Ligand code: ADP
């Protein structure tokens, strides 16, 4: 892990081939969440800068769309290699601006790079087909074309992976992209984009704009030149952006909030379920959109599961992400801490039993203690809302049909997990859970080759896999008579 002095942060926005430095006043401060200290600054770009980025990215698209798939994929491969060579530095930047333990940050960089590697395969791209028409002297063909200039608005919890999962398929098919990273974590996006330029991605294809989110968002959403928006973030902001994109009828991919149920069925292997629960819940201190949110444990296994989990939670070590043995880093900011604490207090008031944790850490109030709540009930906010913190709430159930019917009514539908050893139940639950992704006997589901995304208010579209590429392509039908 490199420290703040060693990483050499790029404190500038990227438009075309120009790095726009910070002015004297108009800057956005980036804070290290583990220390509360200023890590660096990025510019608050003016509206003119954003319009300029749109012009430049559109010009870059017009040249890039004419290049061959092989050429584009070869450049993506070089970008992947640059990321591999610089993984320690990139992971250090994530830990410094986002707070997650360095080993997890390294895992994120490898995961982020895996999207570039996956999308650098030319054979993934469907170039269309020719169909023999019913009539002689007639040829019907279907071709695919890049959507055009795209905008990407990314969150702070996975600042590298959320960027590459949008930028890699966009570039692979011939689009250009303007990225607005989260204000908490711009340096990862800037470092990745710098490596893209070094790898030979032509200037103007990747642009990183920093500054006031609503101002930038308004310009990007209302621009006729931008043909697609890909957003990962909260449901509230996603709905606003969807509305803002309506007048220009943009293509949209939205990956919004989830509230993933984690079900421990009566025939589950409890030890494996505990392992899965720990992996799913405590990665990134619980700040992951697909992490298990509410736990539903069958009556017959409830005590065993709760006791096993309690031991494992108490063994977690808290500390700065830069320290080698930290399992749990700080939460991203004060409002995240306040929200988690409010949910825990609500659970307490409604009869929840706080087995461990339940407050901020006495050594530093930037951390929330890993918390286990038993006797949780469905009326509690920590069961109904996305927690985004290291808190486990265990709801007891006995009637599986009732539970599934209740879960199907949930407004969100990103991921769901369950543990069971019965083949028929596995098939039945996988079919009944109304979500975009299901993990069975595992707490980890992300994979660059697979489509990531949700249903209902968890979003539209998919990222990753072959499906992720279609999000950046238009289909054209051509009829030729000769
Ligand atoms: P969180 O609450 O987890 O930070 P947000 O949805 O607020 O989630 O943020 C996700 C991304 O959306 C960030 O890049 C943020 O800057 C951006 N964002 C927030 N509000 C707006 C907005 N009104 N217009 C455009 N982008 C926005």
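Taken together, the values in this text are just the output of simple stated rules run on the coordinates, not laboratory data. In this text, all values refer to a predicted model and were calculated from it rather than measured experimentally. FYI the Cβ positions are ideal-geometry reconstructions off the backbone, even for glycines, and counts take in every protein chain you see.
Couple of notes before you dig in:
- Each peptide among 455-468, 240-253 gets the average number of other Cβ atoms lying within 10 Å of its residues, and from highest to lowest they stand as 455-468, 240-253.
- FRET efficiency estimate (nearest 0.05) - Cβ-Cβ, residue 234 to residue 38, R0 25 angstrom: 0.45
- Distance from the C-alpha centroid of segment 277-304 to that of segment 1-36: 35 Å, rounded to the whole angstrom.
- Projected over all directions and averaged, the alpha-carbon convex hull of segment 260-447 occupies 10.2 nm².
- Tilt relative to the chain, helix 213-222 - C-alpha long axis, 0 to 90 degrees, to 10: 50
- Taking the three principal axes of the alpha carbon atoms in segment 272-328, the coordinate ranges are 41, 24, 15 Å, sorted in descending order.
- Using alpha carbons only: equivalent-ellipsoid semi-axes of segment 398-475, gyration tensor based, whole Å: 26, 15, 9
- For segment 76-123, the Cα-based Rg and Dmax, in that order, read 11.4, 38 Å.
- Reported to the nearest whole Å, the Cα centre-to-centre distance from segment 386-453 to segment 315-382 is 23.
- Where labels lie 7 Å past Cα in the beta-carbon direction, separation of residue 434 and residue 68 in nm: 4.9
- Cα-based helix-to-principal-axis angle, 69-85 vs the chain, degrees rounded to 10: 40
- Report summary: the helix-based calculation at 222 nm, which adds -39500 (n - 2.57) for every DSSP H run with n ≥ 4 and divides by the residues of the chain, gives -12000 deg cm²/dmol.
- Sites residue 141 and residue 303 - FRET efficiency at Förster radius 51 Å, r taken between beta-carbons, to 0.05: 0.20
- Gyration tensor over alpha-carbon atoms, segment 209-352, equivalent ellipsoid semi-axes in Å: 37, 19, 15
- Full-stretch length increase - residue 5, residue 89 - with 0.36 nm per residue and alpha-carbon distance subtracted: 29.1 nm
- Ordering of 63-69, 350-356 by packing [mean C-beta count within 10 Å, highest first]: 350-356, 63-69
- Listed peptides 25-33, 261-269, 130-138, 473-481 by packing density, highest first (mean Cβ within 10 Å): 261-269, 25-33, 473-481, 130-138
- All-pairs alpha carbon distance profile, segment 115-204, 5 Å steps from 0, percent: 3, 12, 19, 20, 15, 9, 6, 5, 4, 3, 2, 1, 0
- For segment 55-192, the alpha-carbon radius of gyration amounts to 1.26 times the rule-of-thumb value 2.2 N^0.38 Å expected for a compact globular protein.
- Degrees between helix 47-64 axis and first principal axis of the chain (Cα, 0 to 90, nearest 10): 70
- Gyration tensor (alpha-carbon) shape descriptor, the chain, a/c threshold 1.5: oblate
- Between segment 51-99 and segment 156-208, the Cα center-to-center distance that results, in Å: 5
- Residues in segment 254-291 that a label on residue 441 would reach, taking backbone N under 19 Å of a point 7 Å out along Cα→Cβ: 262-280
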